[in-house]
Amino acid sequence: MAPVRFYQVGSFAVGNRLVDRSERTVQSDAGRSNSLTSGHRACQGCGEALGARYALDAAMRATGGRLVAVNATGCLEVFSTPYPETSWQIAWLHSLFANAPAVATGVAAALRVKGRSDIRVVSQAGDGGAVDIGFGCLSGMFERNDDVLFICYDNEAYMNTGVQRSGATPPAARTATTEAVGPHPGNVFGQGKNLPEIAMAHRIPYVATATVADLHDLEDKVSRAMAVHGSRYLHILVPCPLGWGSASSDTVRVARLATQTGLFPVFEAERGRVVRVTPIRRLAPVEDYLRIQGRFRHLFDPEGAVAQPGVVAALQSMADATIARYGLLAGAEAEPRQGTGTGTEAAS
Amino acid sequence: MALCRPEVICAYPISPQTHIIEALSEFVKRGALAPCEFVNAESEFAAMSVAIGASAAGARAFTATASQGLLFMMEAVYNASGLGFPVVMTLANRAVGAPINIWNDHSDAMAARDAGWVQLFAQSVQEAADLHLQAFRLAEELSGPVMVCMDGFVLTHATERVDLPSQQAVDAFLPPYEPRQVLDPDAPYSIGAMVGPEAFEEVRYLAHARQLAAVERIAEIGSEFAEAFGRDSGGLVHSYRSADAEVVVVAMGSVLGTIKEVVDAQRAGGARIGALGVTSFRPFPLDAVRQALGGARRVVVLEKSVSVGFGGVLSTDVALALNGLAVPVSTVVAGLGGRPITESALRSVLEAAQGGRLEKLTFLDLKHELVARELERMAARRRSGPSAENMLRDLGIVGAGG
C-alpha cells in the first residue's frame, strides 16, 4: 500500500498531530509549565514574549521543573513583573541590567555548595543586556565555563527605553539614535557585534541561534543546551513590532524572512565549531525582508521603488556573505511549485 | 573570615585587598572551607553580582574590595541592600582617584554611605577579625548587607598577634544562614520586581527601619560577643577616657590607636581630654554619640575623608547628634591618600582645641604655601600644567627639566 501523503500548500510546517507524541512541541503538551504566563504587558505581537515563553517552558521540561531563572533589566523584566504582579510561575530573580550572567554564576555556585545539582540555572537578557552593557559579565561567565544557559533575546535595539541603537542593530536600520536623516540614513555600516561568534570564540560547550519563526527548533535547542553542563549560549532573534515598525501579525513572518534571506544564520556550534546549520529552504531577496519593516522605510520611495539601491545591495551582499560563510544553501530544496500542493510530505 | 563558614566567595583583586582573597582562595582550593566555592570574578561589579546570586540561592556570600573597586560595583552595592541580601564585604579602605592613589583614607566608605549597608569600622586587626563574625550574624538576622571597613595597609598589611576563636565557639555564636527568601523551584518567588511610586517610598522606609533596628542589634550582638569571647569588639561606639573630658576627639578606624597615645600623654600633663571611636558609621548611633559627647566642652572630629566643597562627612553626623547642645564641633581632615597622622600633628591640633583656637575646618599638615603657589599659577595661566606635577616640582621631588 502506498504511504499516506499529507500536502500543505506554501508551508514547511508539519502539524503536531502528524508527528510522534515524543516529538511534539512543549507548548502542545497540556502539562507545559506556562513559565511566563498570560496577563503580562508585552506589546501585541512581541517576539520576545513568544521566544521567552517557548524557551523557558522547554527548559522547564528538560529539567523536570528544577529551574531557576535570572533576568536582566529590559522589556522582558518590565512587562512581566510590574509590582505586585508577576507573570513568572518559576523561581525568578531580577537584579540589574548588566549583571544577569554574574548573578546566575552566583546562583549556580550556591546550588553546587548546597548539593542541589538537580536545579539548573537559566539567565536571560535582551541584546542590550548581552551584547553591550552585560558583555563583560557574560564573557566572564563564558570564560569560567559556569554552569548556566544564557539566552539573548535579540530585537536589535534598546526597545524598553524607546528604540535606541545597540551593538546588535543592523546597518541602515532607523532607531531613535540613528535616525533616517542625512547622507547615510539609519545605522552605519561596518559596526556591531556578532555575539554568537564571540561566544564560540570562548570555546564553550554549546552555542546556538534560533528565531521565533521555528519554535520547534527553538525548543529543541533549549533541550540540547540543558542536556550539557558548563556555559551555554542561545541567541534568539525576536522581532519587535514597535521598534521594527512591522505589523503585529507579521512577527513570525519577519523572523522567517530574516533566516530565508540569509541575514540571520540559524546554526549550532560545539566547543567553538559549527556542527549544524539550518539550510535556507526558500531563498528570498533581502528586499522582501526590508520592505515590511518601518525601520527600513527610508530605503524605499513612497511608490515602493528602491530609493537607496546602494544600501539595499550592500545589505544583500551581507546576506550573501553570511550564506556562504555558514553554507546555508547546501542541500537546499528547490522552490516548491506554485499551487500544485506538493510542498512537504510526511509519511505516517 | 574563614571561621564564618562562607559558602560562596567571589572577588576581583585590588590593592590593598588582595592578600585577603588570596588566602581565602587557597583555603577553598585546599578544601579547608568545604563546602565553599571561590569565584574569580572579572570585575568588582561581577563580584558583587555573584554574591547577590549566591545569597539569593541561600548561600552565605562574601566578597572584599577597596576604593575604585567599590565605586565600580556601586550599582550592585545598592542592589544587594535593596533586595535585602545579607552579603558581607570587607572594605580595605583606600583613597579614591583621581589622582590615583592606593593608600589609606575613608573616601571609598563615605561614597557608599547611603547605599543601605551597615558600615562597621575596625580599630585594629583583632577588631577586624571579630567584626566579621558579628557582621554575618547581624546581616543574616536583619537580611541586609554589612561592610566591615578596615584601613588599607595600616590594618590589612599589619602583622599583629590575633586571638582567633575556636570553630566550635564561632559556630555557637553564628548559626547557619536561614534566608528570608530563597530561589527555590518548589516555592517559586519573583524577586526584584519593578515598584512604582505607589509603594517605593514604603519599601525604602522598610530599609530605613532595618537600619534603625540594626542600631539596637549591633549593641546587643557586641555585648553577646564580649560575653562569648571576652573582648569588647563591635558595638556602636567606644569611649576612651572621655567621661570627664573637656575636649573629645571623634574618629573611626586605626587612627584611634594614635589618638589614644596622645590622649594618654596629654592626660599625664593634666589636660582633660578623651576620645570616642565610632564603630558603627551606618546606621549612625545618634543617641550613643550624644550620650558620649554631651558632657564635653568642645568636640574635634578627625576624619579621613572630605566632602569636597563642604568639609567633613562624619562631622555632619556628629554635629547632628549634638543638636541643641552648646558644644562646638571642629572638623580636622587628615590622612588623605595615606598621609601619616603623626602624634605631634595631633598634639598641636588638640592644644589648639583646648585653647579654643581650632578653626571650624582644618586640613591637617596641609602645605599651605604649596597650594597657594599652585593656585597662583592656575590663575595666571590657563594651561598651567598638571597640578600634581607642578607641586611635586616645587617640593623638589621631580626635576625641573620636565
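Yes or no, residue by residue, for (1) facing chain B (nearest Cβ under 7 Å); (2) out of contact with any Asp or Glu (no Cβ under 8 Å at 6 or more places or on another chain); (3) modelled with pLDDT under 95:
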site	(1), (2), (3)
A:Glu48	no, yes, no
A:Arg66	yes, no, no
A:Cys75	no, no, no
A:Pro84	no, yes, yes
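Which one is surrounded by the most Cβ atoms within 10 Å (Cβ to Cβ), of the residues in segment B:138-179 that are among the charged types (D, E, K, R) and farther than 21 Å from B:Leu206 by Cβ?
The residue in question is B:Asp151.
For B:Val333, indicate whether it is β-branched (Val, Ile, Thr) and in contact (Cβ under 8 Å) with a residue 24 or more places away in the chain.
So B:Val333 passes the test.
If a residue must be in contact with a Phe, Trp or Tyr (Cβ under 8 Å, 6 or more places away or on another chain) and more than 25 Å from B:Met110 (Cα to Cα), how many such residues does segment B:327-367 contain?
Final tally of qualifying residues: 0.
Does B:Ala271 count as within 19 Å of B:Thr331 (Cα to Cα), out of contact with any Pro (no Cβ under 9 Å at 6 or more places or on another chain) and not in a helix (DSSP H, G or I)?
Working: within 19 Å of B:Thr331 (Cα to Cα): no; out of contact with any Pro (no Cβ under 9 Å at 6 or more places or on another chain): yes; not in a helix (DSSP H, G or I): yes.
So B:Ala271 fails the test.
All but one of (1) farther than 20 Å from B:Glu44 by Cα; (2) surrounded by 24 or more Cβ atoms within 10 Å (Cβ to Cβ); (3) more than 7 Å from chain B (Cβ to nearest Cβ) hold for A:Gly167; which doesn't?
Unmet for A:Gly167, out of (1) farther than 20 Å from B:Glu44 by Cα; (2) surrounded by 24 or more Cβ atoms within 10 Å (Cβ to Cβ); (3) more than 7 Å from chain B (Cβ to nearest Cβ): (2).
Yes or no, residue by residue, for (1) within 7 Å of another protein chain (Cβ to nearest Cβ); (2) closer than 23 Å to B:Ala112 by Cα; (3) of a type in the set (S, T, N, Q):
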{"position": "B:Lys29", "(1), (2), (3)": "no, no, no"}
{"position": "B:Leu33", "(1), (2), (3)": "no, no, no"}
{"position": "B:Phe38", "(1), (2), (3)": "no, no, no"}
{"position": "B:Glu42", "(1), (2), (3)": "yes, yes, no"}
{"position": "B:Phe45", "(1), (2), (3)": "yes, yes, no"}
{"position": "B:Ala51", "(1), (2), (3)": "yes, yes, no"}
{"position": "B:Ala57", "(1), (2), (3)": "yes, no, no"}
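Looking at B:Val146, B:Val237, which is the one that is in contact with a Phe, Trp or Tyr (Cβ under 9 Å, 6 or more places away or on another chain), away from chain A (no Cβ under 14 Å) and at pLDDT 95 or above? First the steps, then the outcome.
On the way: B:Val237 fails: in contact with a Phe, Trp or Tyr (Cβ under 9 Å, 6 or more places away or on another chain).
One residue alone meets the criteria, B:Val146.
If you take the residues of segment A:109-135 that are more than 8 Å from every other protein chain (Cβ to nearest Cβ) and part of a helix (DSSP H, G or I), which of them is surrounded by the fewest Cβ atoms within 10 Å (Cβ to Cβ)?
A:Phe135
Polar (S, T, N, Q), more than 16 Å from A:Val103 (Cβ to Cβ) and at pLDDT 95 or above: does that describe B:Asn79?
No.
For B:Leu120, state whether it is in the same structural domain as B:Thr65 (by TED's automatic domain parsing), outside any loop (DSSP other than H, G, I, E, B) and under 17 Å from B:Val237 (Cβ atoms).
The answer is yes for B:Leu120.
Is one or more of the residues making up segment A:299-309 part of a helix (DSSP H, G or I) and touching a residue at least 24 places away in the same chain (Cβ under 8 Å)?
yes
Pairs under 7 Å by beta carbon, first residue more than 13 Å from B:Asp394 (Cα to Cα) in segment B:368-380, partner of a type in the set (Ser, Thr, Tyr) and not in a helix (DSSP H, G or I), six or more apart or different chains?
If the second residue must be of a type in the set (Ser, Thr, Tyr) and not in a helix (DSSP H, G or I), the pairs left are B:Met378/B:Ser384.
The values are calculated or read from the model by the stated rules, or taken from the named source; none is laboratory data. Values in this document were obtained by computation on a predicted structure and should not be read as measured data. Virtual Cβ from ideal backbone geometry, glycine too; neighbours counted across all protein chains shown.
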